[in-house]
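Step one of this worksheet: look at the structure below.
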Amino acid sequence: VARKLAREYGESLSLEYQAATDPAVAVIDILELESMAAEERAISVALANREQPVAGVDGATELKLLLRGERLVLSNFMPILDNLGLRVIAMKPYEVRANGASVATIYVFAVQDGQGRRLELEHRASLLSETLLAARSGDVVSDSLNALVLTAGLHWREVDVLRGLAGYAFQVGTVPSRLAIPTAPVK
């Protein structure tokens, strides 16, 4: 099986991807692409802090978005990352081609927190991934309250409850605007 995958993906992955990606990381990407195909999933998100530079940037966290059968629209996606409190430093897309056609794209983002540091992933990686997927699919509103996932470690559903409470606070006249709470400065 390993030889078959190596032969298949050796021809499918660009030389640029092969040069920029550690072989152990490439194996993880290939296994995830195979899993996505078997489960008929169109999207996967992974976060990692690696020793080597991410998309040519030192001191950044790798946010990897794998898409099958569609292209990423950056003007739709970047506000989601911004609302999560992430600074995007760089991005590199790598197409996975079979028989001359694109079957998937691996997008590698170099991201940092609002203070320019790598992300603390031990307790936040799954929360960030879930929130990103929920915001992209429209299951949750993408606004600045989503930064609480990164800064406070809240689940996106908890943030959604706070969003509802903020709307209620506006309706009863406690705050002057619907935007008063989501745009309040964080200390």
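Listing for the model above:
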item: Candidate set: segment 70-98, residues that are over 12 Å from the mean Cα position of the chain (by Cα) and within 21 Å of Ala26 (Cβ to Cβ); chosen: the one surrounded by the fewest Cβ atoms within 10 Å (Cβ to Cβ); result: Ala98
item: Checking Leu5 against (1) open to solvent by 70 Å² or more (accessible area, probe 1.4 Å); (2) at pLDDT below 90, the condition it does not meet; result: (1)
item: Those residues of segment 28-50 which are assigned to a helix (DSSP H, G or I), under 25 Å from Thr61 (Cα atoms) and either open to solvent by 80 Å² or more (accessible area, probe 1.4 Å) or in contact (Cβ under 8 Å) with a residue 40 or more places away in the chain (or both), in sequence order; result: Ile28, Asp29, Leu31, Leu33, Met36
item: Complete set of residues in segment 57-68 that are surrounded by 13 or more Cβ atoms within 10 Å (Cβ to Cβ) and in a loop (DSSP other than H, G, I, E, B); result: Gly59, Ala60
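Conditions tested, residue by residue: (1) touching a helix residue (DSSP H, G or I) at 6+ places or on another chain (Cβ under 9 Å); (2) hydrophobic (A, V, I, L, M, F, W, C); (3) at positive phi.
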residue: Leu65; (1), (2), (3): yes, yes, no
residue: Gly69; (1), (2), (3): no, no, yes
residue: Leu81; (1), (2), (3): yes, yes, no
residue: Ala90; (1), (2), (3): no, yes, no
residue: Thr105; (1), (2), (3): no, no, no
residue: Ser126; (1), (2), (3): no, no, no
residue: Ser137; (1), (2), (3): no, no, no
residue: Leu145; (1), (2), (3): yes, yes, no
residue: Val149; (1), (2), (3): yes, yes, no
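The values are calculated or read from the model by the stated rules, or taken from the named source; none is laboratory data. Every value quoted in this text rests on a predicted model; they were computed, and no experiment measured them. Reconstructed Cβ throughout: ideal geometry from the backbone, glycine too, with neighbour counts over all protein chains shown. Heads up: the accessible areas ignore ligands, DNA and RNA and are worked out on the full protein's heavy atoms, side chains in. Shrake-Rupley method; radii C 1.70, N 1.55, O 1.52, S 1.80 Å.
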